[in-house]
Amino acid sequence: MIDFKLIVQSENARAGEFHTAHGKITTPVFMPVGTQATVKALTPEELKEVGAQIILGNTYHLYLRPGTEIVGRFEGLHRFMHWERPILTDSGGFQVFSLAKLRKLTEKGYQFQSHIDGSRHLFTPEKSIEVQICLNSDIIMCLDQCLEYPATHEQAVEALELTTRWAQRCKEYWEAETGGLNHLFGIVQGGMFTDLRQRSAEEIMGIDFPGYAIGGLSVGEPKELMMEMAAHTLPLLPADRPRYIMGVGTPEDLVELVDLGADMFDCVMPTRNARNGQLFTERGTINICNARFREDEGPVDTSCSCYTCRHYSRAYLRHLYTAREILAYRLNTIHNVHYYVNLVKEMREAILAGRFDRFKKAFYSKRQ
Ligand SMILES: CN(C)CCSCc1cc(N)cc2c(=O)[nH]c(N)nc12
Ligand SMILES: [Zn+2]
């Protein structure tokens, strides 16, 4: 079972820690996304340098390419990609719907054609867990049905009921196959309906998991709806288990959700926006290609201690980006991932020091 330790709780914001087969995780934690066994543009050494504790991999992508046979040769992702710290893998359902062609959802699982070569596959709850075990990931996710937005109450009921039946199947297969070597997290669905969020949380908790994720958010809904669903669902989850909000969010989202009691986050924004030239700073985001940075000798962010901010000017980063130089993507990504990892580290320190409210006020006061 998981040894999640709540170290302090101020209001709803919490600082905690727990162990995995590849090391300790302190929370709140931000998990950079490494879908195809790489956090795009960074080496594992650079990821460690920016303070990444745990990264995300993706079952759907890795199952299709390079496949479990090859990753299995390396006894899993860690040796394959030279990352010795913890890895969390998503179960693949979300990606089937966002990437695969001709996909069909049945009671058995997801039928789909690979977006790479058109080959046909059936992804069952058991298959998803089997692949995640083969990837040797430290935190694995149940196969769920992530509902698109908007959806009717009836559609949300069907999706949460299927998600619950699949969660039961995932847990039975996981218990039979691993006996708890890694942590299996359940995923709460329920669309944008508080009554269904309550029901899904109760059903998933009734199966009992080492940790719980809130899924079905950041799927195109208005921000206030996302926050309302999170605010309703977070307090329902057990205080002694990690709480993971999937696929979220902006820096402001992370501050609000930590304040509501969330512990774990993953989001493609720091890595994806870096490749689009959008950089995060304590005063908000900047687009490095903007002409106003043409002669700017200062760093991206004067308060940032990352490698990029210690050695390069905005003028140089703008030059690299407009010239589409490969180094632009690397230096931008180092800064953005450092920004996100550092933001949650500062929140943890503020919570431990009993000054999270002051941290939150200062966070907003710096942003125009
Ligand atoms: C690799 N990342 C881009 C994605 C990792 S998290 C993916 C992800 C994102 C969102 N928003 C909702 C859900 C959800 O409801 N269920 C699952 N299984 N995954 C989800
Ligand atoms: Zn920086």
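The values are calculated or read from the model by the stated rules, or taken from the named source; none is laboratory data. These numbers come from a predicted model, not from an experiment. Cβ sites come from the backbone with ideal geometry, for glycine too, and all protein chains shown count toward neighbours.
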Candidates Gly93, Gly180 - the one that is modelled with pLDDT under 95, crowded, with 24+ Cβ neighbours inside 10 Å and in the same structural domain as Thr20 (by TED's automatic domain parsing): Gly93
Tabulated pairs, region 32-50, first more than 12 Å from ligand 1 (Cβ to nearest atom), second charged (D, E, K, R), C-beta under 9 angstrom, 6+ apart or interchain: Ala41/Arg275; Ala41/Arg330; Leu42/Arg330; Pro44/Glu84; Pro44/Arg85; Glu46/Arg330; Leu47/Arg85; Lys48/Arg85
Restricting region 271-307 to residues that are within 16 Å of ligand 1 (Cβ to nearest atom) and among the polar types (S, T, N, Q), the residue that is surrounded by the most Cβ atoms within 10 Å (Cβ to Cβ): Thr271
Helices (runs of 4 or more DSSP H) wholly inside region 285-368 that include at least 2 residues being under 30 Å from Glu17 (Cβ atoms) and either touching a His at 6+ places or on another chain (Cβ under 8 Å) or within 10 Å of ligand 2 (Cβ to nearest atom) (or both): 307-311, 326-352
Scan of region 76-90 for residues that are crowded, with 19+ Cβ neighbours inside 10 Å and charged (D, E, K, R), ordered by number: Asp90
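Could you say which residue among Asp259, Asp253 is under 20 Å from the mean Cα position of the chain (by Cα), within 16 Å of ligand 1 (Cβ to nearest atom) and closer than 19 Å to Lys366 by Cα?
Within the list Asp259, Asp253, the selection yields Asp253.
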Residue in region 142-177 that is surrounded by the fewest Cβ atoms within 10 Å (Cβ to Cβ), counting only those that are in a loop (DSSP other than H, G, I, E, B) and in contact with a Phe, Trp or Tyr (Cβ under 7 Å, 6 or more places away or on another chain): Cys146
Qualifying residue in region 318-338 (condition: buried (at least 22 other Cβ atoms within 10 Å of the Cβ), of a type in the set (A, V, I, L, M, F, W, C), within 30 Å of Glu228 (Cα to Cα) and within 15 Å of ligand 1 (Cβ to nearest atom)): yes
Selection count, region 65-121, where residues are of a type in the set (Asp, Glu) and farther than 24 Å from Met246 by Cα: 3
Close pairs from region 93-104: first touching a residue at least 60 places away in the same chain (Cβ under 8 Å) and under 17 Å from Val219 (Cβ atoms), partner among the charged types (D, E, K, R) and not in a helix (DSSP H, G or I), Cβ under 8 Å, at least 6 apart: Phe94/Asp144
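Does any residue of region 294-302 turn out to be under 27 Å from the mean Cα position of the chain (by Cα) and in contact (Cβ under 8 Å) with a residue 60 or more places away in the chain?
No, region 294-302 has no match at all.
Going by the conditions given, is Glu203 charged (D, E, K, R), over 27 Å from Lys104 (Cβ atoms) and assigned to a helix (DSSP H, G or I)? Don't jump to the end; show me each part of the working.
Values: charged (D, E, K, R): yes; over 27 Å from Lys104 (Cβ atoms): no; assigned to a helix (DSSP H, G or I): yes.
Answer is no for this residue.
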